[in-house]
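Everything on this sheet refers to the single structure shown next.
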Amino acid sequence: MTYFPSPTYEEVTDPKVQAIYDEIKAELGFGIVPNLFKSMTIRPNFLAAQWQHFRTTILQGTLPRTLKEMIGVAISQTNHSEYALRVHLHSLSALGISEEVLHLLVTDPANCPLPERQKQAILFGLRVATQPQDVSEQDYAHLKSLGLSKAEIFEIIATANLFTGVNQYTDAIALEIDQL
């Protein structure tokens, strides 16, 4: 059982929260407000900040959202974060990623049938999330040799940072998995 409620749109009385719910439903692309955001309504300003952080990190930038969600799968699987893992897998499925790729992202991301550039971005994001002190100049050089720009490498790091925090948050409050 989750430690914070996840109120529906109809249960929300704060106009600021209702406006954020409307943005999330429109911009996320699935027509729902995930429990991740619903659970933050106890602090509307925190919800607004977290939505803005998510929006600018995942929905904007040069890297495709699918790659960022794949990084989220690798991080969530490693952290055993069930809520985040399920949501990322659902998002990727809805975005057209095959079941084979989804299965390998969970079980063996290094051997997933993706272009090398994408695989290395995922593995780098996982390393940033789990062993940030071990990231080296060679890691950056390798990504650059695959054609990733500084801005794209920054996005990988920002994505890893965001999803590490999401894992911690959703696990700490025992967030219920959305009915997807």
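The values are calculated or read from the model by the stated rules, or taken from the named source; none is laboratory data. Since the structure is predicted, the reported quantities are computational estimates derived from the model, not experimental observations. Ideal geometry is used to build each Cβ from the backbone, glycine not excepted, and the neighbour counts take in all protein chains shown.
Tabulated data for the structure shown
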{"item": "Test: residue in the range 123-139 that is closer than 19 Å to Pro64 by Cα, at pLDDT 95 or above, of a type in the set (D, E, K, R) and surrounded by fewer than 19 Cβ atoms within 10 Å (Cβ to Cβ)", "result": "no"}
{"item": "Residue pairs meeting the criteria (Cβ under 9 Å; at least 6 apart or on separate chains; first in contact (Cβ under 8 Å) with a residue 24 or more places away in the chain and of a type in the set (Gly, Ala, Ser), in the range 2-25; second in a loop (DSSP other than H, G, I, E, B) and surrounded by 12 or more Cβ atoms within 10 Å (Cβ to Cβ))", "result": "Ser6/Val33; Ser6/Pro34; Ser6/Ser39; Ser6/Thr41; Ser6/Leu175; Ser6/Glu176; Ser6/Asp178"}
{"item": "Qualifying residue in the range 55-62 (condition: crowded, with 21+ Cβ neighbours inside 10 Å and under 13 Å from the mean Cα position of the chain (by Cα))", "result": "yes"}
{"item": "Tally of residues being part of a helix (DSSP H, G or I), more than 16 Å from the chain's Cα centre (by Cα) and either buried (at least 21 other Cβ atoms within 10 Å of the Cβ) or on the phi > 0 side of the Ramachandran plot (or both) across the range 21-37", "result": "1"}
